[in-house]
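*Asks:* Below is a structure I'd like to ask you about.
The values are calculated or read from the model by the stated rules, or taken from the named source; none is laboratory data. Because the structure is a prediction, the values reported are computed rather than measured. Neighbour counts are summed over all protein chains in view; Cβ atoms, including those assigned to glycine, are modelled from backbone coordinates with ideal geometry. Accessible surface areas use protein heavy atoms only, side chains included; no ligands, DNA or RNA. Shrake-Rupley method; radii C 1.70, N 1.55, O 1.52, S 1.80 Å.
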Amino acid sequence: MNDAAPRPGARGRLLLTIGLVMLAVLVAVMVLGPSLAPYSPSRTTPDSLAGPTAQHWLGTDSIGRDLLSRLIVGGRSTLLITFASVALALCAGLVLGLASGYLGGRVDLVVMRLLDVIFAFPVFLLAIAVVAALGPTVPNLILTIAIVYTPTLARVVRAPVLSVKRWDHVEAARSVGVREFDIATRHVLPLVVSPIIVQTSLTLANTIFTVTALSFLGLGPPPPDPNWGSMLAEARQFMELAPLTVIGPAIAIVFASLTFIVLANGLREALDVGSR
Amino acid sequence: MGAGTMGRMVLLRLALTIPILLGVSVVAFMLMRALPGDFAQAAAGTTSISAEALDTIRRQLGIDRPLWEQYLAWLSGALVGDLGRSFVTKRPVAADLLPRFLVTAQLTAMAGVIAFVLGSATGLASARLRGSADWLVRGLNSLLLAVPNFVVATLIVLLFGLYFPSVGIFNYTPFMQDPLANLTSLLLPALSLGLTVSVTISENTRAAVLEVSSQDYVMVARAKGLPRRAILLHYLVRNALTPVITVAGLQLAALLGGSILIETIFTIPGMGQYLFDSVTTRDYPAIQAIVLVAATVVLLMNVAVDIAYARVDARVSYE
């Protein structure tokens with residue numbers, strides 16, 4: 001082929017660098033949160049639905065609260081829920097995927113069939129039904145999102161474990177009497193981390209979608225705490241009066257999911273995980 | 001593959017789906033029974049109700065019986081199309097659900113077609129033209145993937161609502177009333193729903209075309225001087241379609257999930273909006289029914305995909 005593609009790896013490193021810088025911005029917003037915000041997110045002013053001004057860079061909402069402050073503080077809640085639920089799903093996925101792939105047999109059969117059941121539901125639909133059943137609080141949101149993303153992660157863990165467990169070094173470890181648990185965690189797991197890392201990054205992007213979409217529908221963290229999804233929903237309500245208020249939350253949501261997509265692509269090339 | 005083996009394969013594949021379907025029905029049932037609070041109180045729709053009245057409702061709904069008996073009663077009803085009665089409208093859920101299901105099916109199908117056309121065109125262009133076209137398509141794809149469908153829909157509503165108010169975006173028209181107006185009213189919703197899915201199809205098509213291009217038989221075809229267009233049509237397109245079909249089940253699930261947001265935003269009376277309304281009014285029999293129906297559709301789609309896959313690719317068998 002006649003294309004002058006850059007050296008393999010260069011593209012991956014570039015994407016990875018951009019992704020990490022974007023991630024640093026998100027983490028800074030999450031950690032510093034309220035201290036970065038120019039005003040209190042709940043402070044109301046008589047100046048409602050104002051466009052961007054020198055005092056309020058992104059304008060104000062329907063009861064005159066500063067949108068930039070709400071965006072920053074809302075980012076903290078959005079990102080905390082995202083990271084916590086993916087961490088939970090990753091733990092569950094690691095345990096289930098490793099047990100299923102490494103132990104095989106009946107364990108594999110039972111675990112995979114149970115996960116097939118969860119997998120059969122459209123993710124977002126299941127999330128809504130579970131949140132509706134449990135009630136929209138922050139811990140319930142984290143639990144719900146962890147449940148819906150566990151099957152994907154467990155499958156990504158299980159698939160390479162199936163082949164790695166047959167490799168010679170595993171047999172060798174077993175022959176010198178290493179405990180099965182140690183073989184699984186020390187001799188198999190390290191060889192399958194690359195696809196897991198890439199999938200985790202993609203799951204983070206999907207979770208940003210799920211969290212913001214749920215709160216867009218009013219099923220997110222209860223008000224008055226700001227959240228990117230509910231801010232977008234509110235901006236949509238007052239769109240005719242203040243169209244520019246849609247832009248802040250929309251860009252924040254896109255920026256956050258783009259971060260994890262860029263990271264996933266960079267990681268995929270840097271770690272040389274076969275792109276499907 | 002002979003007709004006999006094909007028939008056996010279809011049966012086998014369906015048989016394998018039955019335990020998963022049963023699991024799905026258990027989850028759908030338990031989800032609404034695991035509620036904190038009283039199911040009977042939710043059915044009554046009010047908290048100020050006498051204990052005797054609650055007991056009557058419990059008996060009517062059969063929730064004084066053991067859980068497994070309730071499940072069996074619900075499941076046998078569901079098998080013959082009886083999905084219970086809505087707490088809100090007091091009508092059979094199945095009667096409320098069917099017309100909404102058809103609306104969602106149409107929206108999903110239109111989104112699927114848009115996603116397929118956009119995705120395979122950009123994927124093919126990306127793989128064949130390489131160079132800057134490839135970078136452009138992949139960059140745009142990454143960006144599109146990052147814009148959730150409800151953000152796309154909100155921006156479309158903003159754009160048309162503010163600058164092109166003559167285009168009625170909230171004018172959903174039933175198909176029976178005016179087929180043409182119906183199609184145009186669903187065009188923008190279908191586009192916002194299909195965009196994200198087109199990215200997956202585009203990336204898959206690109207990967208498949210690149211892989212097929214390096215196969216021996218394509219090299220031979222090129223070496224013996226077949227025109228590019230003929231190679232493209234004969235070998236690339238057909239072979240590159242297979243991985244696209246494979247992800248159809250997953251994509252259908254994504255479309256069904258997304259339809260909840262899109263229907264709510266564009267006020268389309270489909271299954272997604274029905275779910276949202278039912279969640280708001282705590283209409284548990286309706287939620288149960290929607291969850292069950294959506295999961296069943298996705299499972300059946302996966303069976304259809306596997307069968308189509310086996311027909312296209314002789315290497316796949318289920319023995």
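*Asks:* Could you check the spin-label model distance between B:Thr5 and B:Asp82? Points 7 Å from the Cα along Cα→Cβ, value in nm.
*Replies:* Here the answer is 4.5 nm between the modelled labels.
*Asks:* Select from region A:204-276 those GluC sites (Glu not before Pro) which occupy a DSSP coil region and have at most 14 other Cβ atoms within 10 Å, ordered by residue number.
*Replies:* A:Glu240
*Asks:* How far apart, in nm, are two points set 7 Å out from the Cα along the Cα-to-Cβ line at B:Ile18 and at B:Ala308?
*Replies:* Using points 7 Å along Cα→Cβ, the separation is 2.6 nm.
*Asks:* With a 1.4 Å probe and all protein chains in place, put B:Arg8, A:Arg113, B:Arg138 in order of accessible area, largest first. Please list the in-between numbers first.
*Replies:* Numbers: B:Arg8 140, A:Arg113 105, B:Arg138 60 Å².
Accessible-area ranking of B:Arg8, A:Arg113, B:Arg138, largest first: B:Arg8, A:Arg113, B:Arg138.
*Asks:* Probe 1.4 Å, all protein chains in place: accessible area of B:Asp82 in Å², nearest 10?
*Replies:* Looks like 90 Å² after rounding.
*Asks:* Okay, next question. In region B:176-249, which trypsin sites (Lys or Arg not before Pro) are in a loop and have at most 10 other Cβ atoms within 10 Å, using DSSP for the loop call?
*Replies:* Sparse-neighbourhood loop trypsin sites (Lys or Arg not before Pro): B:Lys224.
*Asks:* Now for a separate question. With the cut-off at 1.5 for a/c, could you classify the protein assembly as shown from its C-alpha gyration tensor as rounded, prolate or oblate? Provide the component values of the computation, followed by the final result.
*Replies:* On the way: a/c = 1.35, a/b = 1.14, b/c = 1.18.
Here the protein assembly as shown falls in the rounded category.
*Asks:* I'd like the Karplus ³J(HN,Hα) series for region A:151-167: coefficients 6.51, -1.76, 1.60, θ = phi - 60°, whole numbers in Hz, and an x wherever there's a Gly or Pro.
*Replies:* Here the 3J(HN,Hα) series is x, 4, 5, 4, 5, 5, 6, 5, 3, x, 4, 3, 8, 5, 5, 8, 6 Hz.
*Asks:* Also, quick follow-up: Suppose R0 equals 30 Å. What FRET efficiency, 1/(1 + (r/R0)^6) with r the Cβ-Cβ distance, do B:Leu155 and A:Ser35 give to the nearest 0.05? Numbers along the way, then the final one.
*Replies:* Working: r = 32 Å, r/R0 = 1.05.
With R0 = 30 Å, the Cβ-Cβ based efficiency is 0.45.
*Asks:* Let me ask something additional. Quick one: grab the alpha carbon gyration tensor of chain B, order the square roots of its eigenvalues as a ≥ b ≥ c, and give me rounded if a/c is under 1.5, else prolate or oblate depending on whether a/b is larger than b/c.
*Replies:* On the way: a/c = 2.92, a/b = 1.60, b/c = 1.83.
It comes out oblate by the Cα gyration axes.
*Asks:* Please state the shape class of region B:253-298: rounded when a/c is under 1.5, otherwise prolate if a/b exceeds b/c and oblate if not, all from the C-alpha gyration tensor.
*Replies:* Oblate, since a/c reaches 1.5 and b/c is not below a/b.
*Asks:* How do A:Leu241, A:Leu153, B:Leu75, B:Leu250 stack up against each other in accessible area, from largest to smallest, with a 1.4 angstrom probe? All intermediate terms of the calculation are to be shown ahead of the outcome.
*Replies:* Values: A:Leu241 130, A:Leu153 0, B:Leu75 35, B:Leu250 100 Å².
Of A:Leu241, A:Leu153, B:Leu75, B:Leu250, the descending order of accessible area is A:Leu241, B:Leu250, B:Leu75, A:Leu153.
*Asks:* A:Ile247 accessible area, nearest 10 Å², 1.4 Å probe?
*Replies:* Roughly 70 Å² of A:Ile247 is accessible to a 1.4 Å probe.
*Asks:* Also: For B:Arg85, which sequence-distant residues (separation of 5 or more, or a different chain) have an amide H within less than 5 Å of its own amide H, given hydrogens modelled in the peptide plane?
*Replies:* When sequence neighbours closer than 5 places are left aside, the close amide H contacts are B:Val93.
*Asks:* From the protein chains alone at 1.4 Å, what is the descending order of accessible area for A:Thr210, A:Thr200, largest first? Can you show the working numbers first?
*Replies:* Details: A:Thr210 0, A:Thr200 25 Å².
The ordering from most to least exposed comes out as A:Thr200, A:Thr210.
*Asks:* May I ask you to derive the FRET efficiency for B:Arg228 and B:Leu180 from their Cβ-Cβ distance with R0 = 45 Å, giving the value to the nearest 0.05?
*Replies:* Numbers: r = 39 Å, r/R0 = 0.86.
Here the calculated transfer efficiency is 0.70.
*Asks:* Which value in nm describes the separation of the simple spin-label points at A:Cys91 and A:His169, placed 7 Å from the Cα toward the beta carbon?
*Replies:* 2.8
*Asks:* Heads up, I need the accessible area for A:Glu180: 1.4 angstrom probe, whole protein in place, Å², nearest 10.
*Replies:* 90
*Asks:* Once every DSSP H run of n ≥ 4 in chain B is given -39500 (n - 2.57) and the sum is divided by its residues, what mean residue ellipticity at 222 nm do you get, rounded to the nearest 500 deg cm²/dmol?
*Replies:* -26000 deg cm²/dmol, from helical runs alone.
*Asks:* What FRET efficiency would be calculated for the residue pair B:Gln215, B:Ala133, taking the C-beta separation as r and a Förster radius of 22 Å, to the nearest 0.05?
*Replies:* The pair B:Gln215/B:Ala133 has a calculated efficiency of 0.45.
*Asks:* Shifting gears a bit: Which stretch or stretches of region B:135-172 have amide N atoms under 19 Å from the point lying 7 Å from A:Glu240's Cα along the Cα→Cβ direction?
*Replies:* B:154-172
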